[in-house]
1. Can you spot a residue in segment 27-36 that is at pLDDT below 70, open to solvent by 50 Å² or more (accessible area, probe 1.4 Å) and either closer than 11 Å to residue 95 by Cβ or among the aliphatic types (A, V, I, L, M) (or both)?
2. Just checking, does segment 54-62 include any residue being within 14 Å of residue 104 (Cα to Cα) and part of a helix (DSSP H, G or I)?
3. Restrict the check to segment 153-162 and report whether at least one residue is outside any helix (DSSP H, G or I), buried (at least 17 other Cβ atoms within 10 Å of the Cβ) and within 20 Å of the chain's Cα centre (by Cα).
4. Would you check if there is a residue in segment 68-79 being modelled with pLDDT under 95, out of contact with any Pro (no Cβ under 7 Å at 6 or more places or on another chain) and assigned to a loop (DSSP other than H, G, I, E, B)?
5. For residue 138, only one of the following conditions fails: (1) modelled with pLDDT of 95 or more; (2) at positive phi. What is its number?
6. From the set of residues in segment 189-202 that are surrounded by 16 or more Cβ atoms within 10 Å (Cβ to Cβ) and in contact (Cβ under 8 Å) with a residue 60 or more places away in the chain, which is farthest from residue 51 (Cα to Cα)?
7. Might you let me know whether segment 88-104 holds any residue that is closer than 19 Å to residue 160 by Cα, in contact with a Leu (Cβ under 6 Å, 6 or more places away or on another chain) and acidic (Asp, Glu)?
8. Which ones in segment 163-188 are without any contact (Cβ under 8 Å) to a residue 40 or more places away in the chain and part of a helix (DSSP H, G or I)?
Amino acid sequence: LALESEGRKLLHLMGLSDIVSSRPQVKLELLHHIPKHHRHMRLVVSENLDPWVNMRNALYLDGRKRLFGERVHGVVFGNGYLVDDPHKLPDLLATLGADDVTVLYWGDIDRAGLSILAKLADMAAGRFEVEPFAAAYRLMLRRAMERFPDPLDNEATDQNGVQVRGLELLEGSLKKREAAYLREVVENARLIPQEILTAEDL
């Protein structure tokens, strides 16, 4: 009765999938720390490992319930390629037994990172909610603006050939100056790494 199993398909063909209740098995392909069941869950998906470890430690070792001032119930390591498999995250979310799940995505501020956010939002349509982890992104931008008042002084990338996607998903939660800085960074293929924020910032 695994999510993609023949048994599950057979129940569906027999019209019994709504009658027979089964608990999907957790796949171990996604590192995650989700300590407790909630009916309405808010999970942070992190593009990179170090920020995921910092968040996991804050929740597990420090007993925190908020990250960057936001209530969250768990963290998932996305590894930057989460959207390459359309089943990985939905399968994990299906095992949680929540009425609804909001995924707060947090990654690098660059073309590739925002493209992952956009693809994740497309993949989630109608199944779960996806939002940028705005509190984290805003702090990243403030740190970068302090360090490099000129957005073009941020690290250059080799992402000139990567389509600019996902800006609109983040811009609405930013102040005008932050949004303008973000657009300069992304359109000019620069990078603000997720690791600009450390464990102390959480």
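1. Taking segment 27-36 as the starting set, the residues that turn out to be at pLDDT below 70 are 27-29.
Next, from what is left, pick out any that are open to solvent by 50 Å² or more (accessible area, probe 1.4 Å): 27-29.
In the following step, the residues that additionally are either closer than 11 Å to residue 95 by Cβ or among the aliphatic types (A, V, I, L, M) (or both) were identified as 27-28.
Yes - at least one qualifying residue is present in segment 27-36.
2. Initially, segment 54-62 is screened for residues within 14 Å of residue 104 (Cα to Cα), giving 55.
The next check asks that each one be part of a helix (DSSP H, G or I); those that pass are 55.
Looking for residues that are within 14 Å of residue 104 (Cα to Cα) and part of a helix (DSSP H, G or I), one finds at least one in segment 54-62, hence yes.
3. Checked against the condition, which is being outside any helix (DSSP H, G or I), buried (at least 17 other Cβ atoms within 10 Å of the Cβ) and within 20 Å of the chain's Cα centre (by Cα), segment 153-162 yields no hits at all.
4. Checking segment 68-79: at least one residue is modelled with pLDDT under 95, out of contact with any Pro (no Cβ under 7 Å at 6 or more places or on another chain) and assigned to a loop (DSSP other than H, G, I, E, B).
5. The failed condition is (2).
6. The first filter runs over segment 189-202 and keeps only residues surrounded by 16 or more Cβ atoms within 10 Å (Cβ to Cβ), leaving 189-194, 196-197, 202.
Narrowing further to those that are in contact (Cβ under 8 Å) with a residue 60 or more places away in the chain: 189-194, 197, 202.
Working: 189: 22, 190: 20, 191: 16, 192: 14, 193: 10, 194: 7, 197: 8, 202: 10 Å.
Once the filter is applied, the top-ranked residue is 189.
7. We begin by selecting, within segment 88-104, every residue closer than 19 Å to residue 160 by Cα; these are none.
No: zero hits.
8. The initial filter retains those residues of segment 163-188 that are without any contact (Cβ under 8 Å) to a residue 40 or more places away in the chain, namely 168, 171-172, 175-177, 179-180, 183-184, 187-188.
The answer is 168, 171, 176, 177, 179, 180, 183, 184, 187.
The values are calculated or read from the model by the stated rules, or taken from the named source; none is laboratory data. All values derive from a computational prediction rather than experimental measurement. Virtual Cβ from ideal backbone geometry, glycine too; neighbours counted across all protein chains shown. In case anyone asks, the SASA skips ligands and DNA or RNA and just uses the protein heavy atoms, side chains included. Shrake-Rupley method; radii C 1.70, N 1.55, O 1.52, S 1.80 Å.
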